[in-house]
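Everything below concerns the one structure shown next.
The values are calculated or read from the model by the stated rules, or taken from the named source; none is laboratory data. For clarity, every value in this text was computed on a predicted model and none was experimentally measured. Here the Cβ positions follow ideal geometry from the backbone for every residue, glycine too, while neighbour counts run over all protein chains shown.
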Amino acid sequence: MTALIVFPLSTVRAAVAGYLGALIDVYTILIFAYILSSLYQSFGGRIPYNRALIAILDFLRQVCEPYLSIFRRFIPPIGPLDLSPIVGILVLTIGGGLIVRLIAG
C-alpha cells in the first residue's frame with residue numbers, strides 16, 4: 001500500500017513561486033553576461049580561440065537572442081547603443097515579480 005502525501009496548497013504555491021523567481025534571476029544574470037560579452041567584442045576585444053569559451057558564448061547568444069529580438073523589433077539601436085537589453089531586463093524583472101507575487105498569493 002502506497003502512502004499518499006498531501007501538501008497544503010500554500011506550500012506548493014510558495015515552492016512554485018520560489019522556483020519561478022529563481023529562474024527569472026538566472027535568466028537576468030545570463031542576459032547581463034551576454035551584454036558584457038557583446039560589449040567586449042564591440043569595443044574591439046578579441047576572444048582567443050578556446051572551444052569551451054566559444055561554447056559558452058554560443059550558449060549565451062542562443063538563450064538570450066530570442067527574448068531580446070522581441071524588443072529589438074520595437075526599439076531600434078541608436079547608433080552603437082542598443083537599449084533592448086535594458087528594456088528586456090526591466091520587463092523581465094517587473095513582469096516576473098508580478099507573476100511571482102500572484103502565484104505566491
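Things to note:
- Residue within the range 26-36 that is of a type outside the set (Val, Ile, Thr), free of Cβ contacts under 8 Å to residues at least 40 places away in the same chain and surrounded by 13 or more Cβ atoms within 10 Å (Cβ to Cβ) present: yes
- Pairs where the first residue, in the range 79-105, is more than 19 Å from residue 61 (Cα to Cα) and the second is among the hydrophobic types (A, V, I, L, M, F, W, C) and surrounded by 12 or more Cβ atoms within 10 Å (Cβ to Cβ), C-beta under 6 Å, 6+ apart: 96/24; 100/17; 100/20; 103/16; 103/17; 104/14; 104/17
- Close pairs from the range 43-65: first without any contact (Cβ under 8 Å) to a residue 40 or more places away in the chain and outside any helix (DSSP H, G or I), partner surrounded by 10 or more Cβ atoms within 10 Å (Cβ to Cβ) and hydrophobic (A, V, I, L, M, F, W, C), Cβ under 8 Å, at least 6 apart: 47/53; 47/54; 47/57
- Whichever residue in the range 59-80 is of a type in the set (A, V, I, L, M) and within 15 Å of residue 34 (Cα to Cα) and, among such residues, is surrounded by the fewest Cβ atoms within 10 Å (Cβ to Cβ): 63
- Given (1) under 12 Å from the mean Cα position of the chain (by Cα); (2) surrounded by 15 or more Cβ atoms within 10 Å (Cβ to Cβ); (3) of a type in the set (S, T, N, Q), index of the condition residue 84 fails: (1)
- Members of the range 66-105 found to be assigned to a helix (DSSP H, G or I), of a type in the set (A, V, I, L, M, F, W, C) and more than 18 Å from residue 25 (Cα to Cα), listed by number: 70, 71, 74
- Identity of the residue in the range 1-42, of a type outside the set (A, V, I, L, M) and assigned to a loop (DSSP other than H, G, I, E, B), that ends up modelled with the highest pLDDT: 8
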